[in-house]
Amino acid sequence: MSIPFYVSPEQVMQDKAEYARKGIGRGKSSITLEYEGGILLMAENPSTLSKIGEIYDRIAFAGVGKFSEFDQLRKIGVRYADVKGYAYSRDDVRARSLANAYSQAMGDVFTRELKPLEVEVIVVEVGDPELAGHERNAIYRVQFDGSISDAEGYCVIGGSADELTTFLKGQYKSEMPLGDALRLGRSALQRAAEGQIAVAPENLEVCLLEKARIGRKFRRLSTDEVREYLNA
Amino acid sequence: MKFEGFGGGYQGSSFSELLHVDYPQYRLDWGGFAREGRDALSVPHGTTVLAFKYAEGVLVAGDRLATEGMRVASRDIQKVYATDAYSMMAIAGAAGPAIEMARIMRVELEHYEKIEGEGLEIDGKANKLSQMIRANLPAAMQGLVVVPLFAGYDLRRRQGRLWKFDVTGGRYEEAEFEATGSGGVYARESLKKSHRAGAGRPEAVEIAIQALTDAADEDRGTGGIDTLRRIFPTVIVCSERGIEQVREDELRSTYENVLRSRAERGGA
């Protein structure tokens, strides 16, 4: 019988974390910004495979890293929210509980499985001034090892997250109009794509959670709309 | 990959299947009531609903009464439900299972759209409803019959479409109009005389009010328009612009016109 080599738990965790970070670092970033009318989610994404998706009435999802993995997370998020809303009420579906569930599940994969998830996700909920206890926006970021944090104003995940967060810290203003927020987001993404030509509107995936909408507040902007806002 | 805390391993895009596979505690299943040697379950029943095509699309309407045997169970239940921005469902039969089916249908369509990134075609929606009715067959055998109407605007063919169903999930597309429920026969007779495919919206609303008034006149289970309690039928139209519920003031003035012209004729 062969005796397996001893590897210290610290080493195992470190290796896994490094593996995950490398995978995530190769991809592009995704940005979330609060603006006066709600929450803006955007990502540089030339393909037709979405990185941003609707979860529920007031909740949206953004993922970076390995597509198959974060898309799987998006789908289980939709299932989680729809079942919860069906069993209780639509107002009982909250981003915090979903973000916590993601955190548990992703942390579980990180410790149990040989290969960690090479993804980071953002779960956001837009506030509704009419609904007591739901007035404020919420932004949660969950990392590959399940560590969860909440953000205010803006949040970046993916490749150049640290650099872009520093950039946004200097530039972000609360209650910006949508056009300003979109242009700020684009200039941040452009920074990440340093040296390359300008990030074109057709390579941007932009979705909104609009406070003023009735019912499902998620809306995907068309390339023409994005172009219009960027040029305004 | 299975994730802890997120139900079971269902991977598809159907909400009702998700409930069936991963959340059996929530699934729609009234077939388990063994009632041998007893009378049919006494539950509230919805009565008259109708649907027909008009110039811009399709109109669906229903009265507001629910009966339990000879008794009024509710004077203002809702029998017509929007299932998404371009489709709606009208329920007749056992109110509890029917309303629940409308609720699941609504989540079903939204769920599919979110998981897949695009909505179902209208034929796909009607087919899904047919499967849900078929799954309810054991309960229907116990007396909990649900026979809805389904209607919506087909964005591809650019026209309104409507379907009726039988208890086995049989799905029949109707070219002009259909009505179901205890007063459905009378509503259909009325529609047969007054329906006009080229009718504009105001005329369509009037046709619907005429038919519901006729049904309420002949069928004791169908609720008439109750101006005293301000109870009006639910009337929803669906066109290229999506669904729109007809407002109470429009229904009220249409109803008053109908009553006036009937009085002038010197009869009901």
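Taken together, the values in this text are just the output of simple stated rules run on the coordinates, not laboratory data. Everything quoted here is computed from the prediction, not taken from an experiment. A quick note on method: Cβ atoms are made from the backbone with ideal geometry, for glycine too, and the neighbour counts reach across all protein chains shown.
Under the classification rounded if a/c is under 1.5, otherwise prolate if a/b is larger than b/c and oblate if not, where does the protein assembly as shown fall, given a ≥ b ≥ c as square roots of the Cα gyration tensor eigenvalues? Judged from the Cα gyration tensor, the protein assembly as shown comes out prolate (a/c at least 1.5, a/b above b/c).
Round to the nearest 0.05 the FRET efficiency obtained for A:ASP180 and B:ILE231 when R0 = 45 Å and r is the Cβ-Cβ distance. Could the numbers behind the result be given before it?
Values: r = 49 Å, r/R0 = 1.10.
After rounding to 0.05, the efficiency reads 0.35.
Per residue of peptide A:68-76, the mean number of Cβ atoms on other chains within 10 Å of the residue Cβ is 3.
Our estimate of slack between B:ASP154 and B:ASN257, defined as 0.36 nm per intervening residue step minus the Cα-Cα distance, is 33.9 nm. When both region A:26-100 and region B:59-77 are represented by their alpha-carbon centers, they are found 40 Å apart.
Within a 10 angstrom radius of each residue's Cβ in A:102-113, how many Cβ atoms of other chains show up on average? Whole number is fine.
On the way: counts 3, 1, 4, 6, 2, 1, 3, 4, 0, 0, 1, 1.
Taking all residues of A:102-113 together, the mean is 2.
For A:LYS211, the lysines whose Cα comes closer than 21 Å to its Cα, not counting residues fewer than 8 places off in the same chain, are A:LYS173, B:LYS114. Segment B:LYS2..B:GLU250, full-extension length gain: 84.0 nm, with 0.36 nm per residue of separation and the alpha-carbon distance subtracted. For A:LYS16, the lysines whose Cα falls under 18 Å of its own Cα, not counting residues fewer than eight places away in the same chain, are A:LYS66, A:LYS115.
For chain B, the longest piece that avoids every one of the GluC sites (Glu not before Pro) found in DSSP loops with at most 14 other C-beta atoms within 10 Å covers B:37-117.
Region B:199-268 and region B:169-183 have Cα centres spaced 19 Å apart.
Which of the three applies to region B:42-263, rounded, prolate or oblate, going by the alpha-carbon gyration tensor with a ≥ b ≥ c and a/c under 1.5 meaning rounded? Oblate, since a/c reaches 1.5 and b/c is not below a/b. For region B:84-152 versus region B:7-26, the inter-centroid distance based on Cα atoms is 16 Å. Taken residue by residue and averaged, Cβ atoms of other chains lying within 10 Å of the Cβ of B:107-118 number 4.
Secondary-structure-derived ellipticity at 222 nm for chain A, considering helices only, amounts to -13000 deg cm²/dmol, per-run term -39500 (n - 2.57) for DSSP H runs with n ≥ 4. Under the shape rule built on the C-alpha gyration tensor, where the axes satisfy a ≥ b ≥ c, region A:1-45 is prolate, since a/c reaches at least 1.5 and a/b is greater than b/c.
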